[in-house]
Every structure is written in C-alpha cells, then in structure tokens.
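Down below is the structure, laid out as structure tokens.
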Amino acid sequence: MTINAHDAPPRSVRRRRSSSVAVLSAALAVLLTGTWLLSGALAASTPPMAVAAGRTGFCFVALMAVAVATGTGRAGVRAAARRPGTAVLLGFLGFFAYAAGTLGAMPLIGTSRTNVVVTLLPCLSFVLGVMFFRERAGARKAVGTMAAAAAACGYAMVNGGTSAGTTEVAQFATGVGLAFAATLGFALYGFVYRRGLADVAPLAALPVILGPATVMLLPLALPALDEVAAEQWLGIAVLGVLVYAPAYVVQHRLILLRGPLFTAAVQLVVPFLVRISGWALGIEPAPGAQELALLAVCCAGIWLVVSDRTPAVRS
C-alpha cells in the first residue's frame, strides 16, 4: 500500500508523538521499577498471592473511581463492558495466568530462573506478532529484541547466582513450564488488548479488565488472607493505587501507540534500574563491570527496537 504525503501526519504532529512516546517510556520504566521495589519489600513478609490479588483489587477500585468520575470515562467503561468475553480473556492472560504462573514457578525453580524465563517476553511478542498479528519482521527489531533479551537473561543469571541448583528434573520442568506459559500469555495479552479494546481509553478499559482478574485471583489468595496484617493491607493498597494503577495506564497507552513489542522491550531495562536503585538507596553494593556491560547491551538492544520507525503492522 502506497502512502502519499497527504496521508502522513504533519512533521510537528510526528515530533509531538515521538516526544510523548519517549516520556511515556521513561515513566513506565520508573513506575515498574517502583513496583519491583515495593513488591519485593512486601513479599518478604506478606504471602505473594495475597499481594497479587490485593494490588489488583485496589487498582481496580482506584481506576474505576477515576473512570466513572467523567461522562467520557463512563461511556468508555460501558463500551468495554459490552465486550465481556474480551475483558475476561484479558483478565485471565494478563493478570491471573501471569501471577499464578510466575508465583507458582518461583518455589519450584527459584526467583532468578523464573526471571530468566520472563525475559523472553519480547522474543515471544516478536514471534507472535509476525506469525499471527501481521507485525513487520525487520532485521533491526529482530537483532535488538534478541540482544536486549539476551542481556536481561544474562543479568538474571549473574544476579541470581545458582539458586535451586539441586532441583529435580520433574520439578524443574514444571517450574519452567509454568513460567513460560505465564510469559506466553502475557505476550499474547498485548495483541489481544490492542485488537479488542483499541477504541477505548486505557483508563476506562482497565477497570473492566481488572474486575474479572481480581475475581479469578481471589480463590488462590483466600488461604493466605488471614495472615495479612492491617499495616500490610495498607502497603498493598499503596502499591495498587499509587504505583500499579498509573503504571498500567502508561503501559496500555504505549501498547496502543507503539505496540506490544515496543512496550515489552522498554520493560527489559527495569531489572537494571532496580539494581541501580538498590545501590542508590544503600541496600546493595555498587554494580560491577559485568552488570554495567550487560546494561549497556540491553539498552543498545532496546534502542534498536524503539528507534525503528517502520510501521508496526503490515498492510
């Protein structure tokens, strides 16, 4: 399909759009770093599944309250609610399956190995996009995706050490399978969301997705709810309302603007930011040369993906 000059947006519009994407990308990286730091602090003393269900529920309440406060928001919520199948599928893929899979894998293969599998997200997004969603398979994106994912995977292995080294074969296979299924589901989530709810603002669509997700997560969290103290519930509420809610809105806005692969690539920098933040806060020692080298490779790979200006979808 040929695009003439009249079809292309003005240069000023393209410049503003690029600036908006850059700001959203930086905001997403910072917000997700906050989710990792706060979630890690909570998980040390709070059952992880209770944290997952609680933050999702509090996030649902907060975003729904904001969405229904305006006429435009209420119209968007009604539009998303008229597609219950899409909302339930997205709640399952992006929240229930991801939380259940990753949290189920960690006791079996360790946190570091689970994170290694999760770093495959951009690669899976790339493959799914090319095979099933008409995404363009440029060499620049392919090289950037593989480089960034390899660096993030290497970081997870270096930083995680040799935890769960004596894991039995069946236990290891089960853990890897759970983590891979969770990551595959989340990779698929971005494409289903962009195809099914692209005409609804993220602020209005997210509560409709988070509602079913909370209902799905609650049965898994119920056995641990009586172990959560009042101050821990306060921490979970802060995590869901002040950190996860804006992070989800920014993440979904980026998916609509630039696609799932772009968004997944940006997220690969988060483990490195968490490491640097830990050093800045005095929690961890300064990063070593190996970690800094992997960060440089990851950032170079991300740049190859995010700086690609070719249209994301084949005509």
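The values are calculated or read from the model by the stated rules, or taken from the named source; none is laboratory data. The structure presented is a predicted model; accordingly, all values stated were derived computationally and were not measured. Here Cβ is always computed from backbone atoms with ideal geometry, including for glycine, and neighbour counts include all displayed protein chains. For the accessible areas, the whole protein counts, side chains as well, though only heavy atoms, and no ligand, DNA or RNA atoms are used. Shrake-Rupley method; radii C 1.70, N 1.55, O 1.52, S 1.80 Å.
Here is a yes/no grid of residues against (1) at pLDDT 95 or above; (2) not aliphatic (A, V, I, L, M):
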position: THR183; (1), (2): no, yes
position: ALA205; (1), (2): yes, no
position: PHE262; (1), (2): no, yes
position: VAL269; (1), (2): no, no
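Is it fair to say ALA29 is small (Gly, Ala, Ser), out of contact with any strand residue (DSSP E or B) (no Cβ under 8 Å at 6 or more places or on another chain) and within 20 Å of ALA213 (Cα to Cα)? Spelling it out, it is not the case that ALA29 is small (Gly, Ala, Ser), out of contact with any strand residue (DSSP E or B) (no Cβ under 8 Å at 6 or more places or on another chain) and within 20 Å of ALA213 (Cα to Cα). Test ALA300 against the criterion of being under 23 Å from the mean Cα position of the chain (by Cα), touching a residue at least 12 places away in the same chain (Cβ under 8 Å) and surrounded by fewer than 22 Cβ atoms within 10 Å (Cβ to Cβ), and give yes or no. Answer is yes for this residue. Against the definition (part of a helix (DSSP H, G or I), farther than 24 Å from GLY190 by Cβ, without any contact (Cβ under 8 Å) to a residue 60 or more places away in the chain and open to solvent by 40 Å² or more (accessible area, probe 1.4 Å)), how does ALA286 come out, yes or no? Considered against the rule, which asks whether it is part of a helix (DSSP H, G or I), farther than 24 Å from GLY190 by Cβ, without any contact (Cβ under 8 Å) to a residue 60 or more places away in the chain and open to solvent by 40 Å² or more (accessible area, probe 1.4 Å), ALA286 comes out as no.
Looking only at residues of the stretch 91-128 that are open to solvent by 60 Å² or more (accessible area, probe 1.4 Å) and within 14 Å of MET216 (Cβ to Cβ), we find that the one that is farthest from the chain's Cα centre (by Cα) is PHE92.
Is the stretch 265-281 home to any residue that is under 22 Å from ALA148 (Cβ atoms), open to solvent by less than 50 Å² (accessible area, probe 1.4 Å) and basic (Lys, Arg)?
Start the filter on the stretch 265-281 by keeping residues that are under 22 Å from ALA148 (Cβ atoms), which leaves 265-279.
Subsequent filtering for residues that are open to solvent by less than 50 Å² (accessible area, probe 1.4 Å) retains 265-272, 274-275, 277-278.
Restricting the remaining residues to those that are basic (Lys, Arg) gives 275.
Checked against the condition, which is being under 22 Å from ALA148 (Cβ atoms), open to solvent by less than 50 Å² (accessible area, probe 1.4 Å) and basic (Lys, Arg), the stretch 265-281 yields at least one hit.
Taking the stretch 134-146 as the range and being open to solvent by less than 30 Å² (accessible area, probe 1.4 Å) and either of a type in the set (A, V, I, L, M, F, W, C) or assigned to a helix (DSSP H, G or I) (or both) as the test, the residues that pass are LYS141, ALA142, GLY144, THR145.
Somewhere in the stretch 235-251, is a residue surrounded by fewer than 17 Cβ atoms within 10 Å (Cβ to Cβ) and assigned to a helix (DSSP H, G or I)?
The initial filter retains those residues of the stretch 235-251 that are surrounded by fewer than 17 Cβ atoms within 10 Å (Cβ to Cβ), namely 238, 242.
Checking the rest, the ones that are also assigned to a helix (DSSP H, G or I) come to 238, 242.
For the stretch 235-251, residues surrounded by fewer than 17 Cβ atoms within 10 Å (Cβ to Cβ) and assigned to a helix (DSSP H, G or I): present.
Determine, yes or no, whether GLY175 is assigned to a helix (DSSP H, G or I), of a type outside the set (Lys, Arg), in contact (Cβ under 8 Å) with a residue 60 or more places away in the chain and touching a Phe, Trp or Tyr at 6+ places or on another chain (Cβ under 7 Å).
Values: assigned to a helix (DSSP H, G or I): yes; of a type outside the set (Lys, Arg): yes; in contact (Cβ under 8 Å) with a residue 60 or more places away in the chain: yes; touching a Phe, Trp or Tyr at 6+ places or on another chain (Cβ under 7 Å): no.
Here the answer is no, as GLY175 does not meet what is asked.
Within the stretch 41-77, can you find the residues that are outside any helix (DSSP H, G or I) and more than 20 Å from LEU197 (Cα to Cα)? Walk me through how you get there before you give the answer.
First, pick out the residues of the stretch 41-77 that are outside any helix (DSSP H, G or I): 44-47, 68-70.
Across the stretch 41-77, the qualifying residues are ALA44, SER45, THR46, PRO47, ALA69.
What residue, among those in the stretch 41-90 that are of a type in the set (S, T, N, Q) and either over 22 Å from the mean Cα position of the chain (by Cα) or at pLDDT below 95 (or both), is surrounded by the most Cβ atoms within 10 Å (Cβ to Cβ)? The extreme case among them is THR46.
Against the test of being among the polar types (S, T, N, Q) and within 17 Å of the chain's Cα centre (by Cα), the options GLN232, GLN267 yield a single qualifying residue, GLN267. Here the stretch 93-126 is the region considered, the condition is being part of a helix (DSSP H, G or I) and among the hydroxyl-bearing types (Ser, Thr, Tyr), and the residue that is modelled with the highest pLDDT is TYR98. Scanning the stretch 198-234 for residues that are under 21 Å from VAL266 (Cβ atoms) and not in a helix (DSSP H, G or I) gives ALA198, ALA201.
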